[in-house]
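Read-outs: derived from the displayed coordinates by stated rules, not from any lab. In this text, all values refer to a predicted model and were calculated from it rather than measured experimentally. FYI the Cβ positions are ideal-geometry reconstructions off the backbone, even for glycines, and counts take in every protein chain you see.
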């Protein structure tokens, strides 16, 4: 695996290798890694490339909640430091909330029809997207983490009445 991540180990150890917990995996074969371990190695391999645009398809797959938070911070910080752009496709709403500045919304039926709108600034894009799902998000007062409101709760109804599906 060292050859797979040679650039990352040499150039981005503190930005990628350490925070993604890849150091303990270095002496193992790729075929011996779990899904989450392999996912982290694949992301590190992607990020070590010297490009202006990074494409990541569901980078949060196979990762637990804590790893997703760490990954979102690693990707955001890395992309900002390199002054690059990342196009990230993911189905984890909270991961998208942590990592995104802007959203492109895809709607329709797979392999039948589709509509692409955006890009939107985060608030407008999330409001449009969440309205389509008929759910609202708020920030937890203690942890500051995003939380999906219970359908028809007082907070949910208040946010929907003002069409502020994203953080009221």
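Pairwise inverse Cα distances across the chain, averaged and inverted, put the Kirkwood hydrodynamic radius at 17.6 Å. Between 92, 57, 107, the residue with the greatest mean-square fluctuation in the GNM of the chain (Cα pairs under 10 Å linked by springs) is 107. Angle of helix 35-47 to the longest C-alpha principal axis of the chain, folded into 0 to 90 degrees and rounded to 10: 80°. Normalised by the number of residues in segment 66-144, the average gap of Cα pairs under 8 Å and 6 or more apart makes the relative contact order 21 percent.
When the chain is treated as a Gaussian network with alpha carbon springs shorter than 10 Å, the biggest mean-square fluctuation among 106, 95, 120 belongs to 106.
Return the calculated 222 nm mean residue ellipticity for the chain, to the nearest 500 deg cm²/dmol, obtained by summing -39500 (n - 2.57) across DSSP H runs with n ≥ 4 and dividing by the residue count.
-11500 deg cm²/dmol
Segment residue 109..residue 83, full-extension length gain: 5.9 nm, with 0.36 nm per residue of separation and the alpha-carbon distance subtracted.
Calculated on the alpha-carbon coordinates, the convex hull of segment 101-168 measures out at 101 cubic angstrom per residue. Rounded to the nearest whole angstrom, the semi-axes of the ellipsoid equivalent to segment 1-97, taken from the Cα gyration tensor as √(5λ), stand at 19, 17, 11, largest first.
In this rough spin-label picture, where each label sits 7 Å from Cα along the Cβ direction, the residue 161-residue 52 distance is 4.9 nm.
Relative contact order for the chain: what percent, with Cα pairs under 8 Å and sequence separation of 6 or more?
Details: 196 pairs, mean separation 24.0, N = 168.
Normalised by residue count, the contact order of the chain is 14 percent.
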